[in-house]
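Notes to accompany the following structure.
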Amino acid sequence: MLLWTIQHKVAYDVLLETGRLIANEKYLLFDGQFRSSYDWLVDQMKKRIGMPPNDVIYPVWAWYQWEGARKRLDMRTHRYGGEKGTPIVLLSIDVPDDMILLSDFDMWHVILNDGYLPLYGKDDIDNPSEDEKLKSWENIFCVDIETDWWNAPKSTQATFWELKKEWVLKAEHFVLAG
């Protein structure tokens, strides 16, 4: 499956040197805040695509679709956090389909905020139980269903356990303008 991932140049160098890239927990943007949401996603990945390699805790992230389009990201307009002057690399990659879990990017933010995630208005529940809330989070994986949930073009993210060097089709270097 064709995907695009944005990585710091240092991470790309690790990929070139070792032949693979895995998420390094010390560089994830947790600050203790979103760990439970990421742990939930990890559990879902284990159920849906299988167990990670022994040295992997968290997934690598990429884009399957950005703002309704299946095409390379436009780095002139794409929002990517980081300090001005940071070298980054946009990788076009081809990852085996059975190693990827696709999810809705906008819905992911409801999970990050520990909210209830109805797929349709009729699914909305006042004061859902913890079990109902967690079950609703699985709606994030309904990427083939068009909803007017955010009233915006759909962006679909992809997670997978590791990125292998042989999956890289193209590497484009950029520097963050800040």
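The values are calculated or read from the model by the stated rules, or taken from the named source; none is laboratory data. Please read these numbers as outputs of a predicted model, since none were measured by experiment. Quick reminder, even Gly has a Cβ in these numbers, built from the backbone with ideal geometry, and neighbours come from all protein chains shown.
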Criterion (modelled with pLDDT under 95, on the phi > 0 side of the Ramachandran plot and either more than 14 Å from the chain's Cα centre (by Cα) or outside any loop (DSSP other than H, G, I, E, B) (or both)) met by exactly one of Asp31, Asp74: Asp31
Every residue from segment 139-171 that is modelled with pLDDT of 95 or more, among the acidic types (Asp, Glu) and surrounded by fewer than 18 Cβ atoms within 10 Å (Cβ to Cβ): Glu166
Verdict on Leu90 being modelled with pLDDT of 90 or more and under 16 Å from the mean Cα position of the chain (by Cα): yes
Near pairs, Cβ below 8 angstrom, 6+ apart or cross-chain, from segment 33-52 (more than 16 Å from Asn139 (Cβ to Cβ)) to any residue that is modelled with pLDDT under 95 and in a helix (DSSP H, G or I): Phe34/Leu112
Residue match in segment 7-18 (condition: closer than 20 Å to His109 by Cα and modelled with pLDDT of 95 or more): no
